[in-house]
1. Taking TYR93 as meeting all but one of (1) out of contact with any Gly (no Cβ under 9 Å at 6 or more places or on another chain); (2) open to solvent by 50 Å² or more (accessible area, probe 1.4 Å); (3) in contact (Cβ under 8 Å) with a residue 12 or more places away in the chain, write down the number of the exception.
2. All but one of (1) open to solvent by less than 30 Å² (accessible area, probe 1.4 Å); (2) closer than 15 Å to ALA83 by Cα; (3) of a type in the set (S, T, N, Q) hold for GLN135; which doesn't?
3. Mind checking which residues of segment 36-56 are open to solvent by less than 40 Å² (accessible area, probe 1.4 Å), farther than 15 Å from SER136 by Cα and either touching a helix residue (DSSP H, G or I) at 6+ places or on another chain (Cβ under 9 Å) or hydrophobic (A, V, I, L, M, F, W, C) (or both)?
4. Of the residues that make up segment 70-87, is at least one within 27 Å of LYS30 (Cβ to Cβ), open to solvent by less than 80 Å² (accessible area, probe 1.4 Å), touching a Ser or Thr at 6+ places or on another chain (Cβ under 7 Å) and not aromatic (Phe, Trp, Tyr)?
5. Go through (1) modelled with pLDDT of 90 or more; (2) within 15 Å of LYS62 (Cα to Cα) for GLN135 and report which single condition fails.
6. Checking ILE74 against (1) over 12 Å from the mean Cα position of the chain (by Cα); (2) over 21 Å from GLY119 (Cβ atoms), only one condition comes out false. Which one?
7. Specify the residue that is nearest to LEU29 (Cα to Cα); the eligible residues are those in segment 57-69 that are open to solvent by 10 Å² or more (accessible area, probe 1.4 Å), in a loop (DSSP other than H, G, I, E, B) and in contact with a strand residue (DSSP E or B) (Cβ under 7 Å, 6 or more places away or on another chain).
8. Hey, could you check segment 98-111 for residues that are within 19 Å of ALA73 (Cα to Cα) and open to solvent by 30 Å² or more (accessible area, probe 1.4 Å) and say which is modelled with the highest pLDDT?
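The values are calculated or read from the model by the stated rules, or taken from the named source; none is laboratory data. Here the structure is a predicted model, which is why all the values come from computation and not from measurement. FYI the Cβ positions are ideal-geometry reconstructions off the backbone, even for glycines, and counts take in every protein chain you see. We work out accessible area using only protein heavy atoms, side chains counted, and drop any ligands, DNA or RNA first. Shrake-Rupley method; radii C 1.70, N 1.55, O 1.52, S 1.80 Å.
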Amino acid sequence: MQSKAIAAIDFWVGLFVIAGLAAVLFLALKAGNLASFSTQSTYRVNARFDNIGGLKPRAPVKSAGVVVGRVVAIRFDDKTYNAVADIDLQSQYKFPKDSSAKILTSGLLGEQYLGLEAGGDPAMLAANDRITNTQSAVVLENLISQFLFNKAAEGKADSKDKQ
């Protein structure tokens, strides 16, 4: 009778361990942005940016807060000295050719994603088209240094006025 109770406890402990491992695997895939396995058809477009900040491959592409695609690859163009982001958009979502792409941040220090804003052109983006209207990432370090530089310049101007 005791061996049956021990076997039942072993079974429940084993089941709990398997559930814990599945939860850890799920969290690891979510943290690595790999949890969205999609078999939907897509079409690829690209966009050039002066600065991509912390944008990474597999980052979501959102329009109006809805994920409509993923960043597939990011490469450096040594002729124009720009970063080029290759984007896979789901085929069910069509965007006008004059749509704009911005690199945005979710939250103050969150992950970066690509935001698409639809334009008004009647012609739609097709495979291998380029989104020409882009806005690069806002780099927090550049903003801080610009603020400090402006404050230092104000301090010098104030000291000259007092003399």
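1. Condition (1) is where TYR93 drops out.
2. For GLN135, the exception is condition (1).
3. VAL45
4. no
5. Here GLN135 meets the rest and fails (1).
6. Failing condition for ILE74: (1).
7. Step by step, filter segment 57-69, then rank; the result is ARG58.
8. Among them, the one singled out is LYS102.
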